[in-house]
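Structure first, commentary second.
Any read-out appearing in this document is the output of simple, stated calculations on the displayed coordinates, not a laboratory observation. What you see is a predicted model; the values in this text were computed from it and never measured. Every residue, glycine among them, receives a Cβ derived from its backbone with ideal geometry; neighbour counts consider all protein chains shown.
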Amino acid sequence: MDNQKINLITDNKKIIAIAAAAIALGLGAYWLLSRAPEAPPAEEGATQPAGEQPSAGEPSEAPSAASEAPTGTPAAPQASPISEEGKVVTPAGEPVKLNVEPGSPEAPQQSAPLEKKDIPATAVKITMSPSGISPDVFTAKPGQAITLSVTADESQTHVFKFDDPSLSAVAVGVGPGETRAISFNAPKAGEYVFYCDVPGHRGRGESGKMIVK
């Protein structure tokens, strides 16, 4: 056998050996990867933490409702708030005045239109209609914080007012089917007539009284 044939056989053997080694290496790598443990599935709803965010499963600290609460709590949306001491106050925290013009900065402010769910549970709920005011009598104690909700019937506009000048600031205007509320502190003991200030409504019986005792 000449040298050329010997070299060819030798080269072929080297090629076969290299190919076999490559196949063995590939099979070994596949076996190692198939044996590697799988990563545990992420918990449902968990997200990757970033920066100062809490890790998955760690409850985040909710803001304290108490620390964010204003000094007074509004009795109804946009109405004058009632302080922790039970005083109806202006947004600046000053006691409202009841003998001033309705709607003035010192007067108790009526609420925005309300839905039934927005009316405070402790409110005195008054309905005004052509047949009268219901209820037409309610009672309170001197100084008591009162939230009064006024609802108009579906057909007409009504304006709730007191007859006594000492309560001239307590006034609520409502359109047909509308409800609004106002808060104020009851005056000294006595009887205070209220009525609808729309022309002709008081004469047909839209009136009542608040008894403070």
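Some notes on this structure:
- DSSP beta bridge pairing in region 113-174, given as percent antiparallel to the nearest 5: 60
- The modelled label-to-label distance for the pair residue 116/residue 97, using points 7 Å beyond Cα in the direction of Cβ, is 4.0 nm.
- Judged by the mean number of other Cβ atoms found within 10 Å, the most tightly packed of the peptides 158-170, 193-205, 84-96 leads the ranking 158-170, 193-205, 84-96.
- Counted charge near residue 194, where neighbours are those whose Cβ lies closer than 13 Å (Asp, Glu -1; Lys, Arg +1): -3
- Restraint check, 117/188; 87/117; 125/213, Cα-Cα greater than 27 Å: 117/188
- Residue-count net charge about residue 152 - beta-carbon cut-off 10 Å; Lys, Arg +1, Asp, Glu -1: -2
- Taking packing as the residue-averaged number of other Cβ atoms within 10 angstrom, the listed peptides 104-115, 119-130 run from highest to lowest as 104-115, 119-130.
- Each residue, residue 166 and residue 193, gets one label point 7 Å from its Cα in the Cβ direction; the gap between the two is 1.7 nm.
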